[in-house]
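Chemist: My structure is below; once you've seen it, I'll send some questions.
A short reminder: the numbers here are calculations on the coordinates, not readings from a lab. Source: prediction; values computed, not measured. Note that we place each Cβ from the backbone using ideal geometry, even for glycine, and neighbour counts take in every protein chain shown.
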Amino acid sequence: MAMNLTRRTFLKAASIAAASVPLANVRAKAESGLVKAPLVAPGSFKNTQTVVGGVCEMCFWRCQLVGKIRDGRLLKLEGNPKSIDNGVSICARGNAGVKLLYDPDRLKYPLKNVGKRGAPKWQRISWEEALDTCASKLKAVIDQYGIKGISMFPHGSTSTYPMDFFEKTVGTPNISEASFAQCRGARDTGYLATIDYPPSEEYADMPNSKVILLIGSHFGENIHVSHTKQYLKGLENGAKLIVVDPRYSASAAKSHIWVQIRPGTDTAWLLAIMNYLIQNKKYNIEFVKEHGEGLGKMAEGIKQWTLEKAAQECDVPAAQIKEVADLLAANMPHVAIHTGRHSSWYGNDFQRARSMACLTGLLGAFGVKGGFVPPANPGGLGDYSWPKSGHHDKTLQELAGLYHFAPPGTPPDLLRETAITGKPYPIKGCIIWGQNPIQTIPNQEKTIKTLEQMDFVMCVDVMPTDITMFADILLPDCSYLERYDLIRTGTQWNLAEEHRQFIAPRMPLVAPGFERKDSVYITNELAKRMGYGDKIPIQTQEEGINKMLAGVQLSIEKIKAEDGIHIQPGKDPYGDMELTIEFYNEELEEHGYPGIPTYIPVEHPPEGYYRLLYGRSSVHTFNRTQNNAWLMAENNINPVWLNDKQAAKLGLKEGDTVALINQDNVKSRTTTTVKVTPGIRQDCVYIYHGFGSRNPELTVGHDRGIDDQSLITKLAVDPESGSYGMRNNFVKLVKVG
Amino acid sequence: MQYGMVIDIDRCVGCHACVIACKAEWEVPAQYSRDWVHRLGPAITSTGMAYTYYPGLCNHCDSPPCVPACPAEKVNATFKDKKSGKTVTMEIAATWKDPFNGTVQVDRERCIGCGACRDACPYKARYVDEGLKDENSLGKVDKCTYCMPRVAEGLEPACVQTCLARARIFGDLDDPKSEVAQYVKKGAVGLTSKAVQIGPNGRYYGSKKGDMELLMQAAPQEMPKVSLRRSLLTQMSLTAKHQIKEIGLLGLAGALLVKSFQEEEEK
């Protein structure tokens, strides 16, 4: 083993020992285990104030927090002991919120770009000047091009208030939320078209399941505290875990059956399972009789999907598909077919989501223990809203007659296409609020072209990101630890336990630093300057929260007195959900889509290329955490997973440095290392999403690893939902150095 | 009493919350860590594919090699057993093993930052924070304390509290009724190898043979070669300081050391 002590260091230490004061004068007060200040931090529990009411936003799950504060400085975040959701636990990212709060690279003041979009030079300006500029530029766009000249890319709870303003009161239909087209859109619409009920990753009653089926979901790499607790409780209670993934994921590692499926073929696999269950009458006949519609049509349409045919298409053994189907049938209805969340994979995703909903229906796993069960969340919260204007412009997809089952908003590709071509109308103003379209939307060049042709671009964010480089005016938002914000509601995480509900508004743990302002302030000031002052629904976020809480006879003061979380008796979430399962959907067929769940094959990688798959690191929330010094210390690169046989063929070894080049000859701007493993199929490679930030203002995250989004240039748009398939690009590995 | 920590790798999901909570609790600089999570695999084991985690921290060993490696001047320290009130006075350097609770602790005030203890640990559980160097030291060593200051207040160790999986269990291994002792009974083992048998009090439990295989492969396979010569010379330099207080002899010691390193390099 190599010695870390260099000769020079050692000699220096020896000389210091010689020069130091006689040690005999030092009296160690070495009480059991205690070491002395000031060289040792006293601990977060010593001389600190505990502030309640925090609600995390390191991801969207919103765990409830307390903050430990000493001398006005937040030292540590912990789970709120009163929480019946995350309890005292929070994940790595939750713990690292402190480092986001005090990140020296954070946006601090309003900034004006006196350089170019994409190569900014920032000049600090006053809020007055910033707001005046934003309002007058947006108004100028509206005056010249009409309201439809305005577009918006919002993300996160901070953007809901301004999004409502621009969508409802200003009235532009050009709103593109990352959480739809690049995330859960296909899933939501696929379920809606099948059960007319919106799905959620929160609806899997895993603690009480006998079988948990994960299609692509990778608990352990994807962490939400109570969600992961549910999963672990299910395993502890003896649930059988089936994981469908081309990669031996963290969940596959805990599974009983790992289905190492060929990427893109999940729907074929699901159809074969359903066909087998129907053919062998192993489905929930009673439930389907009562709740199903069009089973006969589906049965007829999918009967081609024999185990053997699917085995060939999916590249998994027929016997394994049968084993899975039998396991599901033997344990129905107590089966959790997890809906997943990020579902924009291959451009055939609506059909996969629809198939999952149909399979859940075949097993009768709605509303029953261990199945698809919406928790009985507290109701009755009050509301406030920006008023709707008289504008009711059609969305771009309505004008184009595309994506009839699109989620709300506009698919970003239509928005970009319209902006670049000016057809059917020009889009010249852009508001980006909490979203980073450079690293969320495929084909970055197209996004950049869209921005370049704008008359005005404004960004509001907490951190500099790759998109903020393209702003004309850049405004500093409050982080989730510095502002009041929307209310988190929920129930105890194990639905089978005593029924309880909780209400927890996000409350600030510390005052906003520098000149940061929250989204209610910024939006209202813009509204006043744009002539909508009389439409403002609330003056402060605090007022908004109190309006909502008043609906349940609560207030911020009362919740503070209740340690940040109001808890009340809950309701039994189990029981007939009164759904109709549309195995055949006539409306789909009317719009020219298949009426029954249908497999749409995807292209295979060309010779010498691998399909580029991406996923999550357990310590990151995509790009959002890429400058967090604590999290980057844990994981600061996204090594490319390469099958060991392929590595041998390419002459690549573990740790080699590589660049990636895609089928369109786009080369990654940066490099990464190779992770050689038998735990991935031979036809694909895998990296963590969100790395490789191009913005040099991110002094920790800049150019770390490879930006997978830069390599996703080929678009595969889901025909029903308009969401993106982002796993249809192929890459080669090129050794560097 | 011997404090110990069991990590149930069946439950661990590899979220790294333990590492970050520790950093926040003890204000550990971003580039250092008192604990860690390593990903092991996916790799082929005797039972097929496996992929697991090695959440590591100081093992507060029965025979900690870091303790005798410390060259700092020894002082008398009195330890008190909280329960019985019994006291023990013994000579300790800047790192020692507590005679009552079995934890290994550090006195950073007396630490000279030489890194000898860090180098002596086969688990690499210590780091020297060079940012803390002053006129008396090259930095200060740091490691997991099993959160004794928190435990003294009735709190759980920070990593245990934040663990969403309840994969970390802390307690007294000597108490047969404790959860940690129950785990040991069930088969929780320390990360030892043929050459490394120093009685680690961190124990790992996993029901899957493949996972445990990967974990045992991650165990240190050899004891660090802390050369006797080094230790001797360290002692010499300190003895020189105290007994003769003449820089001349220290120079001699230094020269001797340089020579010995040269010899080492020549080999």
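Chemist: Using Cβ counts within 10 Å as a stand-in for footprinting exposure, how do A:Met58, A:Met632 rank, fewest first?
Modeler: Taking fewest neighbouring Cβ atoms as first place, the list is A:Met632, A:Met58.
Chemist: Count, for each residue of B:141-147, the Cβ atoms from other chains sitting within 10 Å of its Cβ, then give me the mean as a whole number.
Modeler: That average works out to 2.
Chemist: Shape of segment A:239-386 from its Cα gyration tensor (a ≥ b ≥ c, root eigenvalues): rounded if a/c is under 1.5, otherwise prolate when a/b > b/c, or oblate?
Modeler: Details: a/c = 1.64, a/b = 1.32, b/c = 1.24.
Prolate, because a/c is 1.5 or more and a/b exceeds b/c.
Chemist: Would you compute the Debye intensity of segment B:3-218 from its alpha-carbon atoms alone, equal scatterers and no solvent, and pass along log10 I(q)/I(0) at q = 0.10, 0.12, 0.13 Å⁻¹ to two decimals?
Modeler: For segment B:3-218 at q = 0.10, 0.12, 0.13 Å⁻¹, log10 I(q)/I(0) is -0.45, -0.65, -0.77.
Chemist: Suppose each label sits 7 Å from its Cα in the direction of the beta carbon; what would the B:Ser84-B:Thr47 distance come out to in nanometres?
Modeler: Inter-label distance under the simple model: 4.1 nm.
Chemist: Within segment B:93-114, find all residues whose amide N lies under 19 Å from a label point positioned 7 Å from the Cα of B:Lys133 along Cα-to-beta-carbon.
Modeler: B:108-114
Chemist: Could you put A:Trp127, A:Trp269, A:Trp493 in order, starting from the residue whose Cβ has the fewest other Cβ atoms within 10 Å?
Modeler: Fewest-to-most Cβ neighbours within 10 Å comes out as A:Trp127, A:Trp493, A:Trp269.
Chemist: Another one. Any chance you could check the Cα centroid distance between segment B:31-57 and segment A:155-181 for me, in angstrom?
Modeler: First find each Cα centre; the distance between them is then 42 Å.
Chemist: Going by C-beta contacts inside 10 Å, put A:Thr160, A:Thr421, A:Thr468 in order with the fewest on the left. Don't skip to the answer; put the middle values down first.
Modeler: Numbers: A:Thr160 17, A:Thr421 12, A:Thr468 25.
In order of increasing Cβ crowding within 10 Å: A:Thr421, A:Thr160, A:Thr468.
Chemist: Please give the per residue volume of the convex hull enclosing the alpha carbon atoms of the protein assembly as shown, rounded to a whole number of Å³.
Modeler: On the way: hull volume 180.3 nm³, N = 1004.
Spelled out: Cα convex hull of the protein assembly as shown, divided by residues, is 180 Å³.
Chemist: Quote the charge dipole size of chain A about the Cα centre in Debye, to the nearest 20; the model charges only the Cβ of Lys and Arg (+1) and of Asp and Glu (-1).
Modeler: Once rounded to the nearest 20, the dipole reads 2880 debye.
Chemist: Using a 10 Å cut-off around each Cβ of peptide B:67-76, what is the average number of partner chain Cβ atoms that fall inside? Intermediate values should be presented prior to the final figure.
Modeler: On the way: counts 0, 0, 0, 0, 3, 4, 6, 3, 7, 3.
For peptide B:67-76, the averaged partner shielding equals 3.
Chemist: Still on this structure, please answer the following. On a full-extension model of 0.36 nm per residue, what is the gain between A:Thr657 and A:Gln144, subtracting their alpha-carbon distance, rounded to one decimal in nm?
Modeler: Contour length minus Cα-Cα distance gives 179.6 nm.
Chemist: Now, a different point. Relative to the compact-globule scaling 2.2 N^0.38 Å, provide the ratio for the alpha-carbon radius of gyration of segment A:610-735.
Modeler: 1.05
Chemist: Shifting gears a bit: Along the positive direction of the dipole of segment A:529-579 (beta-carbon charges: Lys, Arg +1; Asp, Glu -1; about the Cα centre), which of A:Met577, A:Ala550, A:Ile538 reaches farthest?
Modeler: A:Ile538
Chemist: Give me the percent relative contact order of chain A, please, defined on Cα pairs under 8 angstrom at least 6 residues apart.
Modeler: Relative contact order, chain A: 19 percent.
Chemist: Rounded to the nearest Å, what's the spacing between the alpha carbon centres of segment B:60-85 and segment B:126-193? Just the number, please.
Modeler: 16
Chemist: Between segment A:538-553 and segment A:283-322, what is the separation of their alpha carbon centroids in Å?
Modeler: So the two Cα centres are separated by 50 Å.
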